[in-house]
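A.B. asks: Next up is a structure, given as structure tokens.
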Amino acid sequence: MTKHGTDQAHWYQTNFELFEKNLNGEASSRVHAMRKEALVRFAQTGFPTTKHEEWRFTNVAPIAKVSFQPSFEAGVVGLSREDVVRLSFGTAHQLVFVNGHFVEHLSSVGTLPRGAIVGSLASALKGNDELAHGFIGKYASIQENPFTALNMAFVQDGAFLYIPQGTVLEEAISLLFISTGTAPLYVAPRNLIIVGDRAEVTIAESYFSLATSGTLTNVVTEIVAGEGAIIEHDKLQNECAEAYHVASLHVHQKGKSNFISNSIAVGGALVRNNVSSVLDGEYAECTLNGLSVANGTQLIDNHTVIDHAKPNCPSHELYKSVLDDASRGVFNGKIFVRRDAQKTDAKQTNKTLLLSDDATMDTKPQLEIFADDVKCTHGATVGQLDAEQMFYLRSRGIDETLAADILTFAFAGDVVRRVHVDGLREQLETLVHAKLGKGRER
Amino acid sequence: MLQINNLHASINGKEILSGVNLKVQPGEVHAIMGPNGSGKSTLAQVLAGRESYEVTEGEVLYEGKNLLEMDPEERAREGVFLAFQYPVEIPGVSNTYFLKAALNSVRKHRGLEDLDAVEFLKLVKQRMKIVDMDESLLNRPVNEGFSGGEKKRNEIFHMAVLEPKLAILDETDSGLDIDALRIVADGVNQLRRKDNAVIVVTHYQRLLNYIVPDFVHVLVDGRIVKSGTKDLALQLEEKGYDWIKDATDSTLATA
Ligand SMILES: Nc1ncnc2c1ncn2[C@@H]1O[C@H](COP(=O)(O)OP(=O)(O)OP(=O)(O)O)[C@@H](O)[C@H]1O
Ligand SMILES: [Mg+2]
């Protein structure tokens, strides 16, 4: 391994050696070879800079200069069941991860249909689960995104879900990630979700921190959607104001599958969400929704990629941001329509509500269309509260603050409403209200 | 109750109201008519507190208080209500949620407790009957996708819930079918009390057959150029506005 830069910049290399020692027998596995390869890759690229097209608006220098401490274990000290309950929305299946590591006694797997697996990636890898070993890293490439390489280098734990074909899971699976501690931790969960043909499941990833330090959460989730599978993936990011959060969700969809993502980001100092889906079979459908709610000096960046690889696939995208104070938002929505992908119907909408003159939004649609018989539309708006609507509310007796709140929640609620899990939706509503509400009548 | 003295208002530097005088007593119904663009809606909006209009001269007293100094919400709480000519759509905010927020704001100002969900629903159901409004409009977002007539009916429904002292109805009749016009006008009449007043802005005599005005005023080029009884509306229906415009031109010329 080449050594360059200061020692500070190489926390990941010195820690990798430590990490390897603790792996014992596992160090000879295929996954470990992938880790090593990923580390080499990351050492080559380092953290991205704003010179990279994909990172033009998001400067990760604040992350790059910290010497993070990778979390090799949960460190559950001080975390109680009550803490977990407080952060949960209530469902039959919940896996709790502390600092990226599965904590069994805080989790409840619940009763599962035959053949379904709801468990930790660490035990799947240890148990030589064929699916886990076969699919890990298959769709999340270490070449494209340095953070994905960095995640792979320290792959250890996260959720491993397998829903066999034709199986319908009635209740949502909650993956609750909590970070704790005061040192700047590096937390890198890895989730692998395999959904068989015609299986149906809803998965909610929630990120909270009880930590007050600038933890870096760098999560990668891979989802494999079988033929005709129906999947809703909801994500809530509500870490503390100092937290850094980089997430990549890679979805691979077979024909007739239907994938819905609702990604809501509320917390964190710097948040980058990558969501990408490959529509790799006819009549696959993909819906990506997102909501960012930022204030202070927060930066929330959403990058999406929808890759229409096969004909007759519709995709829908709605990303909204509410930005207050001096916060910043980024939206970059890529849509590829490959040469074969005739009759693609792609629609992308990005809307931003600026609540302050100092808030800024960078929005960029990016359509690359190589087929000729397709329908692709995109639209972006950035605006303030509507003066006519404000006047209408006020002229009926509603004070200015409450009127602004009502309109702001209505704007944000448009995305929150799309979450089908009642308990989670209510939790999201409460969080969004708490973050945005300036009025008294909550 | 309302006294407007020499009111001048402009938007983007362009004067729209050029010295309006009007006095409204409790219990009265005033009709304001006038050609398109003469400033009727501007007057209504200025009275409701729309900030994009700048009042450059004159005063408005409402129950002895300086109305122009109050925020729009304060005016509403004091009993001023504007039924908009073009009610705005508010996606994502249900009609009931909106009304409840409005009603409780008004009640609070009047020293009353908030209505709870059950009481509120009871009131709403009762008031919906006044304008024979379809219940399905309650849970839909405010005005979103409402037909022209439904929007107007919804405005009067809001009025029925909020029980204003001074209601200004800006072309509430336009967009209503013949039956709806009668129903909505009946509703307005049911809401009349001897201590409240109504200003109706309209282009058509027909509405005034139902809501019978005590006074009719003609607004031309931002000024009330003629006032009279309900017979004036009949005359206008028959002769249009030209004769008044001509008469005022000559009055101005001789003045
Ligand atoms: N924002 C604006 N900028 C410029 N002119 C405006 C603006 N708003 C209104 N006006 C003008 O003010 C004048 C009066 O408009 P207003 O809406 O008050 O008329 P009105 O009497 O209600 O007409 P109608 O009978 O058609 O409803 C019109 O000439 C209109 O174009
Ligand atoms: Mg008008």
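A.B. asks: Report the calculated FRET efficiency for A:Thr297 and B:Leu123 (r = Cβ-Cβ distance, R0 = 35 Å), to the nearest 0.05.
C.D. replies: 0.15
A.B. asks: Taking the simple approach of a point 7 Å from Cα along Cα-to-Cβ for both B:Leu112 and A:Glu171, what is their distance in nm?
C.D. replies: Taking the simple label geometry, B:Leu112 and A:Glu171 are separated by 4.5 nm.
A.B. asks: Something else: If you take every residue apart from B:Gly27 with its C-beta less than 12 Å away from the C-beta of B:Gly27, what net charge results, scoring Lys and Arg +1 and Asp and Glu -1?
C.D. replies: With Lys, Arg at +1 and Asp, Glu at -1, the neighbours total +1.
A.B. asks: Name the residue farthest towards the positive end of the dipole of segment B:2-254 from the options B:Leu7, B:Gly19, B:Leu123, assuming +1 on Cβ of Lys and Arg, -1 on Cβ of Asp and Glu, about the Cα centre.
C.D. replies: Comparing the listed Cα positions along the dipole, B:Leu123 ranks first.
A.B. asks: With only Lys, Arg, Asp and Glu charged, each at its Cβ (+1 for the first two, -1 for the last two), find how big the charge dipole of chain B is about the Cα centre; round to the nearest 20 debye.
C.D. replies: 480 debye
A.B. asks: Could you check which residue among A:Gln69, A:Gln389, A:Gln366 shows the biggest mean-square fluctuation in a GNM of chain A with a 10 Å Cα cutoff?
C.D. replies: Greatest mean-square fluctuation among the candidates belongs to A:Gln389.
A.B. asks: If I model a spin label as a point 7 Å beyond the Cα along the Cα-Cβ vector, how far apart are those points for A:Asn22 and B:Ser94 in nm?
C.D. replies: 5.0 nm
A.B. asks: Using Cα-Cα distances under 8 Å and only pairs 6 or more residues apart, what relative contact order does chain B have, in percent?
C.D. replies: Once normalised by length, the contact order is 27 percent.
A.B. asks: Sketch the reach of a paramagnetic label on B:Asn5 as a point 7 Å from Cα along Cα-to-Cβ, and name the residues of segment B:69-83 whose backbone nitrogen lies under 17 Å away.
C.D. replies: Zone members listed by number: B:69-70.
A.B. asks: Under the rule a/c < 1.5 gives rounded, and otherwise a/b versus b/c splits prolate from oblate, where does segment B:63-171 land using the Cα gyration tensor?
C.D. replies: oblate
A.B. asks: Still on this structure, I have one more. Extending each Cα 7 Å along its Cβ direction at A:Asp414 and A:Thr212, get the distance between those two points in nm, one decimal.
C.D. replies: Each label point lies 7 Å from its Cα, and together they span 3.8 nm.
A.B. asks: Taking neighbour Cβ counts within 10 Å as the exposure measure, how do A:Ser276, B:Ser18 sort from fewest upward?
C.D. replies: Listing A:Ser276, B:Ser18 from fewest to most nearby Cβ atoms yields B:Ser18, A:Ser276.
A.B. asks: Report, as an integer, the average count of C-beta atoms from other chains found within 10 Å of each Cβ along A:383-395.
C.D. replies: Mean number of neighbouring Cβ atoms from other chains: 6.
A.B. asks: What FRET efficiency do you get for B:Asn21 and B:Lys65 if R0 is 22 Å and r is their Cβ-Cβ distance, rounded to the nearest 0.05?
C.D. replies: 0.75
A.B. asks: Another one. Order these by the 10 Å Cβ neighbour count, fewest first: B:Trp243, A:Trp11, A:Trp55.
C.D. replies: B:Trp243, A:Trp11, A:Trp55
A.B. asks: Relative to the Cα centre, what is the charge dipole magnitude of segment B:62-129, using +1 at the beta carbon of each Lys and Arg, -1 at the beta carbon of each Asp and Glu, and rounding to the nearest 20 debye?
C.D. replies: 380 debye
A.B. asks: OK, next. Restricting to bridges with both residues inside segment A:3-384, how much of the DSSP beta-bridge set is antiparallel, in percent to the nearest 5?
C.D. replies: About 5 percent, rounded to the nearest 5.
A.B. asks: Could you work out how far helix B:242-254 tilts from the main Cα principal axis of chain B, as a 0 to 90 degree angle to the nearest 10?
C.D. replies: 50 degrees
A.B. asks: Looking at chain A as a GNM with Cα springs under 10 Å, which of A:Glu82, A:Glu73, A:Glu317 has the largest mean-square fluctuation?
C.D. replies: A:Glu82
A.B. asks: What does the net charge come to around B:Arg50 if you take all other residues with beta carbon closer than 12 Å to its beta carbon, with K and R at +1 and D and E at -1?
C.D. replies: -3
A.B. asks: Right, here's the next one. Taking the Cα centre of segment A:180-235 as origin and charging only Cβ (+1 Lys, Arg; -1 Asp, Glu), how large is the dipole, in debye to the nearest 20?
C.D. replies: Taking the Cα centre of segment A:180-235 as origin, the dipole is about 300 debye.
A.B. asks: Follow-up question, since we're still on this one. Just name one of A:Val382, A:Gly115, A:Gly46: the one whose Cα is farthest towards the positive end of the charge dipole of segment A:3-384 (beta-carbon charges, Lys/Arg +1, Asp/Glu -1).
C.D. replies: A:Gly46
A.B. asks: Under the rule of -39500 (n - 2.57) per DSSP H run of 4 or more residues, summed and divided by the residues of chain A, what mean residue ellipticity at 222 nm is obtained, to the nearest 500 deg cm²/dmol?
C.D. replies: -6500 deg cm²/dmol
A.B. asks: Using helices alone, what [θ] at 222 nm do you get for chain B, with -39,500 (n - 2.57) per DSSP H run of 4 or more residues, divided over all residues and rounded to the nearest 500?
C.D. replies: Calculated at 222 nm, the ellipticity per residue is -12000 deg cm²/dmol.
A.B. asks: Nearest 5 is fine: what % of DSSP beta bridges in the protein assembly as shown come out antiparallel, could you say?
C.D. replies: Here the antiparallel bridges make up roughly 15 percent for the protein assembly as shown.
A.B. asks: May I ask you to list the aspartates and glutamates whose Cα is less than 20 Å away from that of B:Lys108, ignoring any residue fewer than eight positions away on the same chain?
C.D. replies: Within reach: A:Asp399, A:Glu400, A:Asp405, A:Glu441, B:Glu63, B:Asp71, B:Glu73, B:Glu74, B:Glu78, B:Asp116, B:Glu119, B:Glu163.
A.B. asks: Which of the pairs B:Lys14/B:Lys239; A:Lys320/B:Lys100; A:Lys51/A:Lys435; A:Lys51/A:Lys334 have their Cα atoms more than 21 Å apart in this structure?
C.D. replies: B:Lys14/B:Lys239; A:Lys320/B:Lys100; A:Lys51/A:Lys435
A.B. asks: Separate question: Give the whole-number value, in cubic angstrom per residue, of the convex hull volume spanned by the C-alpha atoms of segment A:293-375.
C.D. replies: 66 Å³
A.B. asks: Let me ask you something else. Show me A:90-96, B:23-29, A:225-231 ranked by packing, highest mean number of other Cβ atoms within 10 Å first.
C.D. replies: A:225-231, A:90-96, B:23-29
A.B. asks: Using alpha carbons only, how many degrees (0 to 90, rounded to 10) separate the axis of helix B:117-130 from the longest principal axis of chain B?
C.D. replies: 40 degrees
A.B. asks: Mind checking the mean number of beta-carbon atoms from other chains within 10 Å of the Cβ atoms in B:133-142?
C.D. replies: 1
A.B. asks: Run down the lysines and flag those whose C-alpha is under 30 Å from the C-alpha of A:Lys126, throwing out any fewer than 8 positions away in its chain.
C.D. replies: Within reach: A:Lys21, A:Lys36, A:Lys138, A:Lys235, A:Lys254.
A.B. asks: Once you order the gyration tensor axes a ≥ b ≥ c over the Cα atoms, which shape class does segment A:3-384 get: rounded for a/c under 1.5, otherwise prolate or oblate by comparing a/b with b/c?
C.D. replies: The shape class here is rounded.
A.B. asks: Turning to a different aspect of this structure: Provide a whole-number value for the mean count of partner chain Cβ atoms within 10 Å of the Cβ atoms in peptide B:68-74.
C.D. replies: 4
A.B. asks: To continue, here is another question. Can you give me the long-range amide H partners of A:Asp157? Hydrogens built in the peptide plane at 1.01 Å from N, cutoff under 5 Å, separation of 5 or more residues or another chain.
C.D. replies: A:Arg190
A.B. asks: As an exercise, use a Förster radius of 35 Å and the Cβ-Cβ distance of B:Asp214 and B:Asn139 to find the FRET efficiency, rounded to the nearest 0.05.
C.D. replies: Between B:Asp214 and B:Asn139 the formula returns 0.35.
Bear in mind these aren't lab numbers, they're just calculated from the coordinates by the rules spelled out. Please read all numbers here as calculations on a predicted model, not as lab measurements. Every residue, glycine as well, gets a Cβ built from its backbone with ideal geometry; the counts of neighbours run over all protein chains shown.
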